[in-house]
Structures are given as structure tokens and as C-alpha cells.
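Just below is one structure, and these are the notes that go with it.
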4 protein chains.
Amino acid sequence: MEDVQNQSDSREQPIDLVGVSGLRYPITVRDRTRQRQSTVADMTLSVSLPHHFKGTHMSRFIEVVHLHHRQIDMETLPEIISSLRTKLEAERARIEVALPYFVEKTAPVSQQKSLMSYDCRYVAEVSPDGDDFVVAVRVPVTTLCPCSKAISDYGAHNQRGYVDIEVRASRGPSGLPRMVWIEELIEVAEGAGSAPVYPLLKREDERNLTMRAYDNPAFVEDVVRQVAAGLRDDSRIAWLHVRVETLESIHDHSAFAEIYWPDKRPDYDR
Amino acid sequence: MEDVQNQSDSREQPIDLVGVSGLRYPITVRDRTRQRQSTVADMTLSVSLPHHFKGTHMSRFIEVVHLHHRQIDMETLPEIISSLRTKLEAERARIEVALPYFVEKTAPVSQQKSLMSYDCRYVAEVSPDGDDFVVAVRVPVTTLCPCSKAISDYGAHNQRGYVDIEVRASRGPSGLPRMVWIEELIEVAEGAGSAPVYPLLKREDERNLTMRAYDNPAFVEDVVRQVAAGLRDDSRIAWLHVRVETLESIHDHSAFAEIYWPDKRPDYDR
Amino acid sequence: MEDVQNQSDSREQPIDLVGVSGLRYPITVRDRTRQRQSTVADMTLSVSLPHHFKGTHMSRFIEVVHLHHRQIDMETLPEIISSLRTKLEAERARIEVALPYFVEKTAPVSQQKSLMSYDCRYVAEVSPDGDDFVVAVRVPVTTLCPCSKAISDYGAHNQRGYVDIEVRASRGPSGLPRMVWIEELIEVAEGAGSAPVYPLLKREDERNLTMRAYDNPAFVEDVVRQVAAGLRDDSRIAWLHVRVETLESIHDHSAFAEIYWPDKRPDYDR
Amino acid sequence: MEDVQNQSDSREQPIDLVGVSGLRYPITVRDRTRQRQSTVADMTLSVSLPHHFKGTHMSRFIEVVHLHHRQIDMETLPEIISSLRTKLEAERARIEVALPYFVEKTAPVSQQKSLMSYDCRYVAEVSPDGDDFVVAVRVPVTTLCPCSKAISDYGAHNQRGYVDIEVRASRGPSGLPRMVWIEELIEVAEGAGSAPVYPLLKREDERNLTMRAYDNPAFVEDVVRQVAAGLRDDSRIAWLHVRVETLESIHDHSAFAEIYWPDKRPDYDR
């Protein structure tokens, strides 16, 4: 049968990314306690395509995912991408893996356990310009408004907010990206809000968190700065982007704040 | 050209609803101040199909919408549906119109004006069993947790919540559905929460609402009951469904409560 | 500490459903091959609340989920719900579990394997009126338009469509709901479209499916009827709802069709 | 009352963007025929914040929108942003406006009229580094797979796809951004797919489009290149990003391709 994709193209226009998106697969990832956890990923895989080739071979992306889905994490992704690059004869290959990552939480007073899910994302790229690796996580927190507290005789509006952190790992002596755990990013984000949130809270926990939030008011501006200040001096981190959005309880819109450090970067912004 | 849709079918299976969904159109609706407002609707239109017909004629739905889109409201919908029913030679015709509806809000202390959008939905049906008309609106409110307030020395967690109200109008003496204004449903919902929300609030308004919410703690259970109690005795309302969902500020999940009155009904539940 | 929820309420208004929604948990479910699969669920849990109680105890929902999340399927759900009902001292308890369910697919010609995810939902309820159990699945298929094929000299527009099936199981001699496998519903849905879809297809498979779709044109009306006709005579099924929606390739809106059999039912419609 | 936002901050961390998102407002925009159209916008407004200020004044964003919402388009946005910058005493101010934009379409054979909505987005920024203006639009098209056509005896799979175009206008002699009409971008996108899509098509139109798509097969790679080649030589355009995604009818995932020209840029990528 004809291989239409292998035909040539004359528009003199290389393609930055071509591939598949919205591919859902069960995957197994490693977590900090060195155990493995099973979760479900939404994947986007792509390669670059030189100007003279008409098309890429989409089915090979699925073959690579199917082969490797039992072992996807920061350590194996580089190898999976290399295999993608070879199989598709591409200069550049890239994988994005979005997944809920589960962490056991212990309620602050009752000590009751539950599992909390965090939306995470790994983005890895291999290219002649060097490899790249980004980890992202969305951390829900409580924020209590400093202005509302200061101007009211009692009470203060508060709400759920989301702290989105993206970090690009620096290279270690081996040339490999340094390891930053999702759990570490969660800790920084939770420490920057007025209080953390939990799936399971008994009354004594609710009392504790209510007063903790009132004692730690924070604007979106405070949260985004606190996270950036907590990560910018970490030598494992070469670049970061923090976005905080709070679902204001007195409005039907959100407040948000964003920091790029040391500056904006063109890659991985979507 | 062949009219495939007019062919016959032998599976002895009538179809309850067949039509188009996700049709977006600019529309003009009437608001309580007797002015017209321009907004954008997401529409679903359908008819019933007897067991012996193979298919319906989808393009006619769009023709009807295009013809009438400048004048869609509670008063004109019955006529539009009748035209749909005739044009598609159907026993039953049904239109769902989902739209943002804008209401001018005045901040409680500063008296500053802004426009707030409410997700609304009209569902109208004409059939041999009689006509039907449902109005639905989603109203954001603040809720402040009575438990958190009672057990804490200071503060109380609060959050944005959504009150979804659906009402089926009763028939007036003329046989037409009685008019219930979106604005009336919004008022009931806002009165049932701990405090209303606004797009534009100055500091003096924020102080007012912060303390008002603290003075009026309400569980989802309280809000849903208050709305049902406020509407069930209104003679213009034959049936209602209320759902309250609060985006808990101490969790990453929601609390919710629902009441059907006088009971669940099979129609219009989706 | 004060138990605010246990206080009484005087509005004479019972609540149909009160609980938590949007709770994401890793769960393990049983699949037809008798193996277990790990996936991620979005859960909604609720109970009824008599008119005289102010509130329910939300944290107990999470405790029940945390205790049982390693074993959730059609066989264990009744027990989990009973435990919920007891723990919350409620007349009625209800659990909805939405999850991606993975099935191994074999490409029709190349025989290559891949995993395909299907959005599924279990709804189970225990109440004095009797227990209830509903299984739902969304199956993507290809549909090729019979009209477009008939009136064109060559080609025919086709597109991805979704077949949503909900079935309520009948009772077996033991009084328990009869088992209907997700895999069986998928088979009926795939047989009703113009062709099934797969994650991984090589060129020979693509050729096979392209021609199979052209040989089997089907309107949404045909697909919805074919599914209803294929399930309505199954004695394990007491009630069903089928909805087919096709992402028309010649429009930016969808076509859809729905059948309820033997009729509409008020429960579980949302 | 205390102005908490005006307090100072010692973390030495400026904030790139701080403001409000998810603000929905009815707006009036200008279209190519020099008439105005009413639509509904989802807005994001932000400013930069120097390291020594604690917070910005969120309510002022809403005041600016309320004042100007009847006149928002490429010509007035610069003025609105300047007013925002002044009012918030910021170095940099930025507005994103996402809206459905309606264009009248004429069916190819029957000549019947209908309105089609296109998701558009304007992003405008004023800063000491110079002003910036980006226009984006999503255009649905049909794509028919060249491979499927080539290897099959008859038929070819086809589907709806979305062409997302973002262009940054170059400066005219006056220093203002040059005008690029949404309608022009739509034309380029529709010309690059296998066939355009319409809300309203009669049978003769469906026949026409079915055969036109079969005569013009196009991979995502072809579409993305065709759009880039059609815009890169337009002197009004300084930068562009094109992304094409097709809702494959033989898969439950998408194929996609992206081109940045002349290269990736850090701004406006989200």
C-alpha cells in the first residue's frame, strides 16, 4: 500500500510539532515513598517534521505508549522519548503526560488519613539543542483576604484557590535533570496559602484550619511571591512559573497572579 | 436527489428525541425592565420521530432558529416551537436555550453599578400531552459554614456556592404558562445564601458583605431548604428542583444538596 | 464541641440528596476477564435527610470511601452503600462512580493490541423503596452519513460519534441486580455504528475500517434504534436510555437522538 | 479604612501579572461590514506589580470594563488599556478578551444564509517596552485523510478539525498595529482544510461539500502548512502561531500539528 506520509512537500515550511493529543492511558508512576502508584494519564506526543516530508506516522506514537505505559516517570521518560525519536526518525520529540497524582494526607488534629489528588504534568523533550524536562502541579489551598480581615469587625472572606507551579529542572553533574518531587512542590504551595486543604477533616481539624487561615491572611500576590521566593533559590530549579488563582467567595470571577523566574521562556508555555 | 430520511424503518422503535445540539446563536431576549438584551445562546432542538420513519430533516432546525433568533423569550418560544413542529411534521417538538443573562447590580454601600451574568436555561415543549415550560438559573452566592463558626474561637470558613433553580410554570386562566422572572429566582437564591456576590465591590462593600456572611451562616442544607420553602407556595410554580453546590474552601471537593418538589419528574431532568 | 448538624430544623422540608461531589479517588474495579484494573474515579455520595435534622455529617462520606476504595465494583457497591446508610443514619443512600475503564482492543487486520478507555458510570442506591443499580458507558464510534453517500457521486461525510448507554439491571432470583458487563454494552454500541474506533491502527486496518464504514452508513437515528433494539429484549435489563451524538464533520454542531425504554424514569437522570 | 494593598512587601519579588479572570460581560464589537455586533466576552485583565507594593486594587479592573463595555474592539482597546494602566498606576497593563464572533455564511449551492460563531480572542498589552496586539481565532473545518483515500477502494475517513490561528500585528507608519480582520483569518483557514463547515446546509450543499472534501484530502500537516504559507508573507503580520487539531473519526484521540513563525515567542502563549 502507498505510503502517502513519505511523499515530499514543496511549501518550504517545517512543522514544529506534529502528533497526537487526548490519548488516555492507564499508567504507573513512581512516588516519593519509592512505591509505585497506578493512575490515568492524558497524553500528548509529538515530533518535529522537516519541510520536505509530507507527514509523520501517527500510529507509532501509540505503539510507543503501549509498550511503555507500565513504567512512566522522570527516570524513564528520557528513554521513552529517545525511542519515539528513533522510531519516527525525527530531530525533536516531546511528551506531555497529565495525570492525577495521589498523596496520603493526615488531618492536622484527628490524624485521620485520606488520599488527595493533585493534577500533575510532566513535559519532556529531546532535541539537538539539548534535552528539557518540566514538572508541573496544581495545589488547592485556602486563602483568606487580608483586606477583608483588616476592615471588618469580625470574619473575613476566604475561598479555595489553586497554586499552579511549573519548574524546569537544572542539570546535575551527570547531565541528567535534577530530581524535584511533586511532594516538595506541594509542600511549598501549601505553606504559601492561608491554610492547606484536605479530603477528610473531623470537627477538631476544621476548627484548627479555620483559625489557622484567619491567622495567616494572604492575597494572591502574597501566595505567588511566597512560592517564587521559596523555589527560586533551589539549585535544582533552573526556571519556574507560578500562577495563583482564587475562586473569590464575594465575586463570581477569580483573582490571579503570575510570576516567571528568572524570565518568560518560549517553551512549554502551553 | 434521493430523500433518504423519508425512507421507512422496520425496527419498530420510535425515537423520543432527535435533533441538533451545540448550536450557538446570537439572540435577543426580553428582560424584566421591558428592555431587550442581546446575548449568546447554546441551543438544543429536537422532535419525536415515529417508528416507521427513517430520519428527520436536521437542516430545518437551523432554518427555524435563523428565522427567529432576534426574538426569543418566554412569550415567543411557544410560537417558535409550533413552527418547528409543523415544519418537521412531528408530534412533539422541544427547544432548550442556554444563555448568560445579564442583570445590573448595585453594590450595597458604595452603590456602584456593574453587570453580573447568570447562566440561564429555558426548556419548552409542545406535544399532544400538553405544552410544558421550564425556566432554570444558576445563582452564585457566598456560604459561611455554621459548624466552623460555632466551633472556632474566631473566623469561619466560607466559599462561593452555586444555587441551581429549575421551575415549571403552572398554567394561567388563558392556558398559557404563568410568567416567572429570572430576576425573581435570583432574589430568592441570593436571600438564601449567607450573602450575595457582586462583580464590583469597593472596600466599604466588602466590609458589609464580610460581616453579613458571618452573621448569616448557612449549610448547603439550609440554602436548599430556604429556596424550596420560598418557592413552593408560589402559585405560579407547579414543580421545582433546587440544587446547591458549594466549592468548599477547606476541601478540593464540593458539598451539595438537592430538593425536588413536590416530587421527581421524568421530564427535563437533563 | 458543638454538633451543629444535629440541631433541628423547622422548615418542614426534607432533603432528597445531600452529600459530596467531585471527590477523586484511585480505585480498583473488576473487569470481565476476572482481573482487577486500577483506575481513577470521580465520586458523588449522598443520603436523604428528614425534615427535622439540620445537617448531615459530610466527613463520614470520605471515611467510607477511604475504607473501601481498593474494592469497588457491582458486587461490593451494595455493601459500601449499606455501610454509608448506617453510618449516616439515613433512609436512603446513593453512590455515583464515574471512571475511565480500559479494554484491550485488537486492530482488525494487523491484530496489534492497544488499550482503549471508556467513560463509565455506576449509580447505586439503597432505600426503603428497594435498591437500585444503573450502569452507564460512553462508546465512541464512526458514523457515515447515508444521505451524503446516496446523493454524492463519490465519498461520504463521516465523523466520530458517542453512544451513551444507561441500563438499569433487573433482579435475579436472589434479589440481587443481574450482571451486565461494560464490555457487553460496548459491543452492542460498536455494532450499531458504521465502524468501531481504535487507539492503534496500522495502514491495513485503516483501509479495512474506511471501507467498512462506507458499506454501513448510519444516521444517529439508526444507531440509537439499533442499540435499543439490541438491548430491550435482554431479560437482565429492566430499563434503558440511549443517547447518540455525532460530531458532524460538515457542521460545528452535533446531531443527536435519544430513546428511553420502556419509558422515561425520574431517577438517575442526571 | 485601612488600605492593606498599599502596604509594602519585602520579598524583593516583582509580579508579572496580577488581576482578575473569568469576568463575563456583554460587549459590542465592530465587524468587517462596519456594523457592530453584540456578543458576550470572557475577560482577563491584569497589570504588573513592582516588588515593593503588597497588592493591586482589583475593583478598578471592573470599573474600567463597566465604563467601556459598549465599545470594545481593535481600535478602542489601546485606550482602554491606557486607562487601566493609569488607574492602577502600573508599568504594564494587559487585557484578554475571548468571545464568540458571528459571521453570516452562505451555503455553497442553495445560497441559504445562517450565522456561524467563531471563538476569537484579542490580547492587548501596553508597557514601557512597547505595545503589543494579538488576534486569535478558532476555525472549524472538514479534513479528509489522504492516506485513507489512497489505500481504500472507496470512501475515506474525514472529520471535523479546528484551526487555531494567532497573529501579532506589525506596526503601520502611524505606530499603530495594522488591522487584520477575523474574517480574513477565517478565509485562510477554510481554504486550507478539505472543505469549510456551515451551520445550515441543504441536500445540494451537502453533496457539493462531500465531493469537495473528497477532491481535497489534507493531513493536519497539510492544513497547518497551508495556513502558515498563506499568512507568513503578509506584511501586516509580524508573528504567527497555527495549531490544527482534528477529531479523528477512526480514533477517540486527536491528531495535531503546530507551527510558530518566524519562531516561538515567550509572550501571549497562554
- [ ] Collect the residues in the stretch D:27-47 that are over 18 Å from the mean Cα position of the chain (by Cα) and under 18 Å from residue D:75 (Cα atoms), keeping them in residue-number order.
- [x] D:33, D:34, D:35, D:36
Task: Residue that is farthest from the other protein chains (Cβ to nearest Cβ), among those in the stretch D:81-93 that are open to solvent by 10 Å² or more (accessible area, probe 1.4 Å) and touching a residue at least 12 places away in the same chain (Cβ under 8 Å) - done: D:82
TODO: Give the number of residues within the stretch C:130-149 that are more than 27 Å from residue C:220 (Cα to Cα), touching a residue at least 24 places away in the same chain (Cβ under 8 Å) and not in a strand (DSSP E or B).
DONE: 1
- [ ] Kindly indicate the residue of the stretch B:106-123 that is open to solvent by 40 Å² or more (accessible area, probe 1.4 Å) and within 19 Å of the chain's Cα centre (by Cα) and also farthest from residue B:260 (Cα to Cα) among those meeting that condition.
- [x] B:119
Task: Within the stretch A:157-182, considering residues that are within 14 Å of chain B (Cβ to nearest Cβ) and open to solvent by less than 20 Å² (accessible area, probe 1.4 Å), the one farthest from residue A:132 (Cα to Cα) - done: A:157
Task: the stretch C:237-251, subset open to solvent by 10 Å² or more (accessible area, probe 1.4 Å) and touching a Gly at 6+ places or on another chain (Cβ under 8 Å), residue nearest to residue D:155 (Cα to Cα) - done: C:247
- [ ] Could you check residue C:69 against (1) within 14 Å of chain A (Cβ to nearest Cβ); (2) out of contact with any Phe, Trp or Tyr (no Cβ under 9 Å at 6 or more places or on another chain) and say which number it fails?
- [x] (2)
Open item on the list: Quick check on the stretch A:49-72: of everything there that is closer than 25 Å to residue A:30 by Cα and open to solvent by less than 20 Å² (accessible area, probe 1.4 Å), which residue is modelled with the lowest pLDDT?
Closed with: A:72
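Among the residues of the stretch B:197-235, which ones are part of a loop (DSSP other than H, G, I, E, B) and not acidic (Asp, Glu)? First the steps, then the outcome.
As a first pass, look at the stretch B:197-235 and keep what is part of a loop (DSSP other than H, G, I, E, B): B:197-202, B:216-219, B:232-235.
If the condition is that a residue be part of a loop (DSSP other than H, G, I, E, B) and not acidic (Asp, Glu), then B:197, B:198, B:199, B:200, B:201, B:202, B:216, B:217, B:218, B:219, B:232, B:235 are the ones that fit.
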Open item on the list: Of the residues B:222, B:234, only one is more than 14 Å from chain A (Cβ to nearest Cβ), within 18 Å of the chain's Cα centre (by Cα) and not aliphatic (A, V, I, L, M); which?
Closed with: B:234
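Residue-wise test of (1) in contact with a Phe, Trp or Tyr (Cβ under 7 Å, 6 or more places away or on another chain); (2) closer than 29 Å to residue D:49 by Cβ.
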site	(1), (2)
D:112	no, no
D:135	yes, yes
D:155	yes, no
D:181	no, no
D:188	no, no
Open item on the list: Out of everything in the stretch B:1-38 that is without any contact (Cβ under 8 Å) to a residue 40 or more places away in the chain and within 12 Å of chain D (Cβ to nearest Cβ), what residue ends up being most open to solvent (accessible area, probe 1.4 Å)?
Closed with: B:1
Task: Residues of the stretch D:94-105 satisfying the condition of being without any contact (Cβ under 8 Å) to a residue 60 or more places away in the chain, within 13 Å of another protein chain (Cβ to nearest Cβ) and crowded, with 18+ Cβ neighbours inside 10 Å - done: D:96
- [ ] Could you tell me whether the stretch B:189-206 includes any residue that is at positive phi, away from every other protein chain (no Cβ under 12 Å) and more than 15 Å from the chain's Cα centre (by Cα)?
- [x] no
Task: Top-ranked residue in the stretch B:103-125 [being part of a strand (DSSP E or B) and out of contact with any Asp or Glu (no Cβ under 8 Å at 6 or more places or on another chain); ranked as farthest from residue D:24 (Cα to Cα)] - done: B:106
TODO: Starting from residues that are in contact with a helix residue (DSSP H, G or I) (Cβ under 9 Å, 6 or more places away or on another chain) and of a type in the set (Asp, Glu), keep the ones in the stretch B:124-153 and report whichever is least open to solvent (accessible area, probe 1.4 Å).
DONE: B:125
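Here are A:114, A:152: which of them is touching a residue at least 40 places away in the same chain (Cβ under 8 Å) and small (Gly, Ala, Ser)? Walk me through it before giving the result.
Details: A:152 fails: touching a residue at least 40 places away in the same chain (Cβ under 8 Å).
Of the residues listed, the single one that is touching a residue at least 40 places away in the same chain (Cβ under 8 Å) and small (Gly, Ala, Ser) is A:114.
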Open item on the list: For the stretch A:185-196, which positions are out of contact with any helix residue (DSSP H, G or I) (no Cβ under 6 Å at 6 or more places or on another chain) and either surrounded by fewer than 20 Cβ atoms within 10 Å (Cβ to Cβ) or in a loop (DSSP other than H, G, I, E, B) (or both)?
Closed with: A:187, A:190, A:191
Open item on the list: Under 7 Å between Cβ atoms, which residue pairs at least 6 apart in sequence (or on different chains) link something in the stretch B:56-78 that is small (Gly, Ala, Ser) with a partner that is modelled with pLDDT of 90 or more?
Closed with: B:59/D:200; B:59/D:201; B:59/D:202
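The values are calculated or read from the model by the stated rules, or taken from the named source; none is laboratory data. The shown structure was predicted, so the numbers you read here are calculated from the model rather than taken from an experiment. No Cβ is skipped: glycine too gets one built from the backbone with ideal geometry, and neighbour counts run over all protein chains shown. Surface accessibility is based on the protein's heavy atoms, side chains included, excluding ligands, DNA and RNA. Shrake-Rupley method; radii C 1.70, N 1.55, O 1.52, S 1.80 Å.
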